[in-house]
1. Starting from the Cα of Asp81, step 7 Å along the direction of its Cβ; do the same at Glu33; then give the gap between the two resulting points in nm.
2. At 0.36 nm per residue, and after removing the present C-alpha to C-alpha distance, how many nm does the segment from Ser19 to Glu93 gain when stretched out fully?
Amino acid sequence: MKHVVVVDDSEIVTELLKSALEAEGVRVTACLEPEREVVAGADPPDLILLDINMPQYFGDDVAAFFRDAWQVEAPIYLFSDIDEADLKARTEEAGVAGYIWKGWGMDRVVERILDLLGADAG
C-alpha cells in the first residue's frame, strides 16, 4: 500500500484529502506542520504533499530542509491554492518534483496523486 504524507496547516484540507485517498487504497499520514518522524522516520512516504503557505513556514523552504537536513528521498510536491503560474514558478525555484494545485478540485487532485503513485497505488 502506497503511503502519502500531507503537510498542510488546514485541518479541513488534510482530512478531506486523507478521506479521498484512503477510499482509493492509499495510506495517508496528515500533519499540520512539518514533523521529522513523519517525513523522515522509519516508515518513509512514497510521496509528500507540502503546503506552501503555513503560518510559521514556507513550503518551498521546508522542502529544501527536508532534503538537506533530514535526507528525505520521497518526491516532494508543493501543494497550494495560490495562482497556478506562481505555484509552478515556485516549484521550479524550489527544485522539487512538481506541484499539485488545490484549484483543480478534489477529484483531479486525487487523480493526479494516484497517477504519481503509479497503477499499484492501492
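All of the numbers you see were taken from the coordinates with simple rules; none came from a lab. This one's a predicted model, so the numbers in the text were calculated from it and none came from an experiment. Glycine gets a Cβ as well: all are built from the backbone with ideal geometry, and neighbour counts include every protein chain shown.
1. 2.2
2. Extending this stretch completely gives an extra 23.5 nm.
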